[in-house]
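In what follows, a single structure is set out as structure tokens and then discussed.
The values are calculated or read from the model by the stated rules, or taken from the named source; none is laboratory data. Note that the structure is predicted; figures quoted are calculated from it, not measured. No Cβ is skipped: glycine too gets one built from the backbone with ideal geometry, and neighbour counts run over all protein chains shown. In case anyone asks, the SASA skips ligands and DNA or RNA and just uses the protein heavy atoms, side chains included. Shrake-Rupley method; radii C 1.70, N 1.55, O 1.52, S 1.80 Å.
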Amino acid sequence: MTDTVGDLVQRYLLDGGDEDLKRLLEVSESLAEIARTALRRSGIGPGWNVIECGCGPVGALTVLAELVGEPGRVTGVDLNPAAIQRAQSLASSLGLANVRAVVADADDLDSAALGGPFDLAYTRLFLLHQRDAARTLARIATVVRPGGWIIAQEPLRDPTPRSSPEHDSLMPGWHMMADLVTGFSGSDAAADDLPRRAAGSGLEVVRVDGSFAIGRPQRMFPIYAASLDAMRERAIAAGLVTAAELDALTGPLKAAAGGDYDWVTSPFFLDVTMRKPA
Ligand SMILES: C[S@@+](CC[C@H](N)C(=O)[O-])C[C@H]1O[C@@H](n2cnc3c(N)ncnc32)[C@H](O)[C@@H]1O
């Protein structure tokens, strides 16, 4: 039987509720600059037709809209209807008439219905949630024109995010997040393997870079705590973690937002620039 969108959303560890969507808006703001840098490696410019897979409530849609300008077109797809509603209303309130958000499964994209083929597809914090990242990449490639680009920014498990001074819960909190995502999604591909898997699925890996952002402690610590909170219900129900284990990490991370810290990093991303063979 084919999975419905509802089944697929259920299979996704983060709960996709209101708090989770707010967290993703914060994530997008903190990562906008490194998304811009990664996207520019493709030569993206005015008039390009681009898609973001797993865009959440905004993802990099605003950055993409800025880079392709008014003559370009931006399509965001996500499984979660609440996220897509947010993305569409955010784009409308910013007056971005060329941004369209659509509920769709990245594993089952219909190029013509979405306005493809696209010059570029972008994903971030997305492939790690897929059971078979290479297969998902291959599916995404079906909506990209021959010679078109795929840019993926996926977080490494190690090195872990850092702060100054160091916070005792950041490293174990990050490792728990990474392990829960892997355990829940049944994902077989750490970001480390992504270039190899992309090449295996017929894509040309043009370059591999790394990036991270630095954020204010008041913003970043709550993002990490909220990420664990968003996994809470499903991870406990799946027997992957106990409430006490989660609380022992989220409590100190929340408290750190008001503490004496100078900076906190984002996760460390592997930026993979790929092309679909012409
Ligand atoms: C961690 S969030 C990242 C959101 C956004 N890319 C960002 O960086 O802010 C992952 C998103 O991928 C979506 N997602 C997961 N699997 C998907 C699939 N197979 N097709 C479409 N969206 C999917 C989830 O609903 C969620 O909104």
Regression test value, accessible area per residue of the stretch 168-278, probe 1.4 Å, units Å², expected 46
Tally the DSSP beta bridges in the chain and give the antiparallel ones as a percent, rounded to 5.
50
On the accessible surface of the chain, probed at 1.4 Å with all protein chains in place, carbon and sulfur together account for a percent value of 53
Within a Gaussian network of the chain (alpha carbon springs, distance under 10 Å), most fluctuating of A199, A230, A244:
A244
Largest first and to the nearest Å, give the Cα extent of the chain along each principal axis.
50, 44, 36
Considering the chain as a Gaussian network with a 10 Å cut-off on Cα pairs, which listed residue, A113, A138, A235, attains the greatest mean-square fluctuation?
A113
For the charge dipole of the chain, defined by +1 on Lys and Arg C-beta atoms and -1 on Asp and Glu C-beta atoms about the Cα centroid, which residue among V58, H167, V264 has the Cα displaced farthest towards the positive pole?
V58
Using alpha-carbon positions, what is the distance between the centroids of the stretch 243-278 and the stretch 112-130, in Å?
23
Leading residue at positive end of dipole, the stretch 121-278 (Cβ point charges), from Q153, F221, A237
Q153
May I ask you to evaluate 6.51 cos²θ - 1.76 cosθ + 1.60, the Karplus curve with θ = phi - 60°, for each residue of the stretch 114-119 and list the ³J(HN,Hα) values in order in whole Hz, giving x for glycine and proline?
8, x, x, x, 9, 6
